1. Could you order the peptides 104-110, 135-141, 230-236 from most to least packed, using the average number of other C-beta atoms within 10 Å per residue?
2. Which percent of the accessible heavy-atom area of the stretch 129-214 goes to carbon and sulfur, probe 1.4 angstrom?
3. Do you know the relative contact order of the stretch 78-123, to the nearest whole percent, from alpha carbon pairs under 8 angstrom that are 6+ apart?
4. As an exercise, use a Förster radius of 25 Å and the Cβ-Cβ distance of Ala59 and Thr7 to find the FRET efficiency, rounded to the nearest 0.05.
5. How much length, in nm to one decimal, is gained on full extension between Glu226 and Arg29, taken as 0.36 nm per residue of separation minus their Cα-Cα distance?
6. Hey, got a sec? Which trypsin sites (Lys or Arg not before Pro) in the stretch 117-181 land in a DSSP loop and have at most 10 other Cβ atoms within 10 Å?
7. So what is the relative contact order of the stretch 75-189, in percent, for Cα pairs below 8 Å that sit 6 or more residues apart?
8. Assuming a ≥ b ≥ c are the square roots of the Cα gyration tensor eigenvalues, decide whether the stretch 90-204 counts as rounded (a/c under 1.5), prolate (otherwise, with a/b larger than b/c) or oblate.
Amino acid sequence: MPGGRLTQQERQRIALGLADGLPYAEIARRLDRPTSTVTREVMRNGGPAGYRADLAHRATEQRAHRSGRTASRPAAPAPQPHGRDAGAVRAYEEVFTTVLMQSGMPQMTARVMAAICLADSGSLTASELVQHLGVSPASVSKAITFLDAQGFVARERDERRRERYVVDDDVWYRSMLASAHSTAHISATAREGAGVFGPGTPAGARLENIARFLDFVSESIARAAEQAREILHTKPGPVPATDVPRTPDAPDAPGDGEAEETPDDSGAPHPSGAPASPDAPASPAASAASA
């Protein structure tokens, strides 16, 4: 898989793929590039409808000239906890950022939001964000101001009196309610227009239909958000302990060697030697699906 910056020829192939309606993954496959590279390239340069290969290439050269030799991000990903693959985590953060941008967030705001959401603690300080994203404190401050005003983050003080920016359990619940309220406002405006144009006219009937549709959608969103709110408060189970290899001179533990095969009620053997418990708790994903 090639590395480095995209060439002008690759950008032209991206533009052709977009014109043909190809998904990002297929364009990336044809270029032998990661999907996140193509997604980030398109979103940085006008989006799917506004992407132009020549303009994108020129903009990239100008950004490189302004930044000089200074890299905007660390050359190597930082070590990750829980045995995670650092490269995979960085690639996923880019994808998550791009999705937030597609929802309407400015690029830097999306990067800050993604960084906080993907931190195990659910919170980061300004200095941690500056170091992680490789940007200026002013850029972080501007993004936090936007997120705070929209209710996406909260501000807290830690034990060292540093201000931490926190994504709490209810941030997506509040986001859905805000979306429902916004949709309800459009509905009310459309119904007002139906009265202005007259319910018996084509324009008036169209506006009334829009209002009825958006009423249903906004009420459904608010009701579903309320019903599913508890899912956001589900806590992860204990992380299984990593197997510790035994040293060659350590005595064998009882039962070492091949696992005994013990049949369960259906007669199928279990390599672990223990039958599957019918009372084993379902996973959070399965619980959410059944809800």
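1. Numbers: 104-110: 17.0, 135-141: 14.4, 230-236: 10.7.
In decreasing order of mean packing, 104-110, 135-141, 230-236 become 104-110, 135-141, 230-236.
2. Reported share for carbon and sulfur atoms: 58 percent.
3. On the way: 20 pairs, mean separation 12.3, N = 46.
Once normalised by length, the contact order is 27 percent.
4. 0.95
5. Computed gain between Glu226 and Arg29 is 66.9 nm.
6. Passing both the DSSP loop test and the Cβ count: Arg160, Arg161.
7. 19
8. Prolate shape, in that a/c is at least 1.5 and a/b is the bigger ratio.
The values are calculated or read from the model by the stated rules, or taken from the named source; none is laboratory data. Fair warning: this is a prediction, and the values are worked out from it, not measured in the lab. All Cβ positions, glycine included, derive from the backbone under ideal geometry; neighbour counts span all protein chains shown. Heads up: the accessible areas ignore ligands, DNA and RNA and are worked out on the full protein's heavy atoms, side chains in. Shrake-Rupley method; radii C 1.70, N 1.55, O 1.52, S 1.80 Å.
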